[in-house]
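This report refers to the structure that appears directly beneath it.
The values are calculated or read from the model by the stated rules, or taken from the named source; none is laboratory data. Since the model is a prediction, treat every value here as computed from it, not as a measurement. We place every Cβ from the backbone using ideal geometry, glycine too, and count neighbours over all the protein chains shown. For the accessible areas, the whole protein counts, side chains as well, though only heavy atoms, and no ligand, DNA or RNA atoms are used. Shrake-Rupley method; radii C 1.70, N 1.55, O 1.52, S 1.80 Å.
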2 protein chains.
Amino acid sequence: ELAELTAEQFQHGALAGKRVFITAGPTREPLDPVRYISNHSSGKMGYALAEAAIDAGASVKLISGPVTLAPPARAECVQVETAEQMLAASMDGIDSCDLFIAAAAVADYRPVAIAEHKIKKGSEEIMELRLVKNPDIVATVAGLATSRPFTVGFAAETRDVIGYARSKLARKQLDLIVANDVSNPEIGFNSDDNAVTLVSAQEEINLAQASKRQLARQLIEQIALYISRNDSSTT
Amino acid sequence: ELAELTAEQFQHGALAGKRVFITAGPTREPLDPVRYISNHSSGKMGYALAEAAIDAGASVKLISGPVTLAPPARAECVQVETAEQMLAASMDGIDSCDLFIAAAAVADYRPVAIAEHKIKKGSEEIMELRLVKNPDIVATVAGLATSRPFTVGFAAETRDVIGYARSKLARKQLDLIVANDVSNPEIGFNSDDNAVTLVSAQEEINLAQASKRQLARQLIEQIALYISRNDSSTT
């Protein structure tokens, strides 16, 4: 009965009628047909946010790098590999997007050139790999001149977590940033738990360690609150 | 009844009483606490070989990089991340090893230095990454002066597959090499199927496209045949 009550609450939920794009997981940047650079993102936080947003009444497009999670049944899912593919999928239909949550751990750099064939190990003890900066997806979305969605970023850091998050918030013109200490293995990339701080220009909201599922619901509630304040201040 | 018959055959199987080490999956070489270089190996071939070797009566140690497969129940499993860890796990107890099968896709190179903290994206458009050659695990084992096991390597190639495999066989002093064309997506790293050529100094045996499980059984049979010829020629 509690479950039904909750479901009903969410039908008239905090994000009812909103179009939400969520990026999740890592990206993979190929060096050649077999090798790549990636990171330890499991996608759990992004997938949990997609579920929570759907439960809150949103229509969700989940743009996901390679992960081993089953896609949420009620979300539109777009599978991508590279940062460039993730950017293209994010910009596709961005005009209709009300809320953009960038939970993916996008590779900052990719190899300059992708070898067509597998690179043969030579006799060289040392190899130099040239990397070029990837497009900054969340900054691209947050910097849109027209029909810019409410934009939420993530900052996965190993030190000075709030400091780095706050400077990223300002530099990328985000509305909110979710700061995440990934140096703690209990709440890291592959963990089921997380503990985060939701940072806005004015305040910080600490969300204590909980399952990523529970945290995702709290985050969606808080984000929806900010959006409703935004909507009422602009109308 | 057929299954029982097969199980009984394998109790007095082709590798009865043999100690077998099998490496499987990719390795991950960290750049910093969150980023790494890896490759598309799924571990399916190595895990299937472990199953087939157990069914053939062997006592198996499976040394596996990060994969999403469940470890075979009857194998001793050692989980590793990096090439250096895989080498250490391979050398541990190598004196008692009769057959070493290197099915892992070991990263050839690793970053020279691992950053203690997450590398911050700078303003640089281009980043140079210095990589150093990893230890060559299968060549180390095959080059052992005393109690060297029968050593089988893999060659995952995208062109001139047999040519590269044959030169690798000679250069690394392997007994056999399994040549694998990974440019064909039907039989590639993440596929359930494979098609390989078993290459020795004298001959080539083509094993047609089949499930990795079926191919693993054929490979184990062929490898056991070579070992028994070896044993009888040296006694």
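Given (1) modelled with pLDDT under 95; (2) open to solvent by less than 30 Å² (accessible area, probe 1.4 Å); (3) more than 30 Å from B:Gly163 (Cα to Cα), where does A:Glu186 come up short, assuming only one miss? So A:Glu186 meets the others, but not (2).
Within segment B:151-161, can one find any residue that is open to solvent by 40 Å² or more (accessible area, probe 1.4 Å) and over 19 Å from B:Gly46 (Cα atoms)?
Let us first name the residues in segment B:151-161 that are open to solvent by 40 Å² or more (accessible area, probe 1.4 Å), namely B:159-160.
Right, trim to over 19 Å from B:Gly46 (Cα atoms) and you get B:159-160.
Yes - at least one qualifying residue is present in segment B:151-161.
Residues that are among the charged types (D, E, K, R) and assigned to a strand (DSSP E or B) within segment B:32-48 comprise just one, B:Arg35.
State the number of residues belonging to segment B:75-93 that are small (Gly, Ala, Ser) and under 25 Å from B:Val112 (Cα atoms). So the answer is 4. Residues of segment B:32-81 that are of a type in the set (S, T, N, Q) and either closer than 29 Å to A:Glu29 by Cα or without any contact (Cβ under 8 Å) to a residue 40 or more places away in the chain (or both): B:Ser38, B:Asn39, B:Ser41, B:Ser42, B:Ser64, B:Thr68, B:Gln79. In segment B:127-150, how many are within 14 Å of chain A (Cβ to nearest Cβ) and open to solvent by 70 Å² or more (accessible area, probe 1.4 Å)? Residues in segment B:127-150 being within 14 Å of chain A (Cβ to nearest Cβ) and open to solvent by 70 Å² or more (accessible area, probe 1.4 Å): 2 in total.
Scan B:Val34, B:Val78 and give me the residue that is out of contact with any Gly (no Cβ under 8 Å at 6 or more places or on another chain), surrounded by 18 or more Cβ atoms within 10 Å (Cβ to Cβ) and at pLDDT 95 or above.
Working: B:Val34 fails: at pLDDT 95 or above.
Only one candidate passes the filter, namely B:Val78.
For segment B:98-108, the condition holds for no residue, the condition being that it is more than 27 Å from B:Val67 (Cβ to Cβ), within 13 Å of chain A (Cβ to nearest Cβ) and in contact with a Pro (Cβ under 8 Å, 6 or more places away or on another chain). Any idea which residue in segment B:37-49 is surrounded by the fewest Cβ atoms within 10 Å (Cβ to Cβ), counting only those that are in contact with a Lys or Arg (Cβ under 9 Å, 6 or more places away or on another chain) and more than 13 Å from chain A (Cβ to nearest Cβ)? Step by step, filter segment B:37-49, then rank; the result is B:Lys44. Once segment A:81-108 is narrowed to residues that are of a type in the set (Asp, Glu), touching a Lys or Arg at 6+ places or on another chain (Cβ under 9 Å) and modelled with pLDDT of 95 or more, the residue that is nearest to A:Ala224 (Cα to Cα) is A:Asp98.
Kindly indicate whether any position in segment B:162-176 is surrounded by fewer than 12 Cβ atoms within 10 Å (Cβ to Cβ) and of a type outside the set (Phe, Trp, Tyr).
Yes - at least one qualifying residue is present in segment B:162-176.
Only one of A:Pro72, A:Pro66 is over 20 Å from A:Pro149 (Cα atoms), over 14 Å from the mean Cα position of the chain (by Cα) and open to solvent by less than 40 Å² (accessible area, probe 1.4 Å). Can you tell me which? Being over 20 Å from A:Pro149 (Cα atoms), over 14 Å from the mean Cα position of the chain (by Cα) and open to solvent by less than 40 Å² (accessible area, probe 1.4 Å) holds for just one of A:Pro72, A:Pro66, which is A:Pro72.
With the structure loaded, tell me whether B:Gln209 is away from chain A (no Cβ under 14 Å), surrounded by fewer than 16 Cβ atoms within 10 Å (Cβ to Cβ) and closer than 29 Å to B:Leu69 by Cα or whether it fails that test.
On the way: away from chain A (no Cβ under 14 Å): yes; surrounded by fewer than 16 Cβ atoms within 10 Å (Cβ to Cβ): yes; closer than 29 Å to B:Leu69 by Cα: yes.
The answer is yes for B:Gln209.
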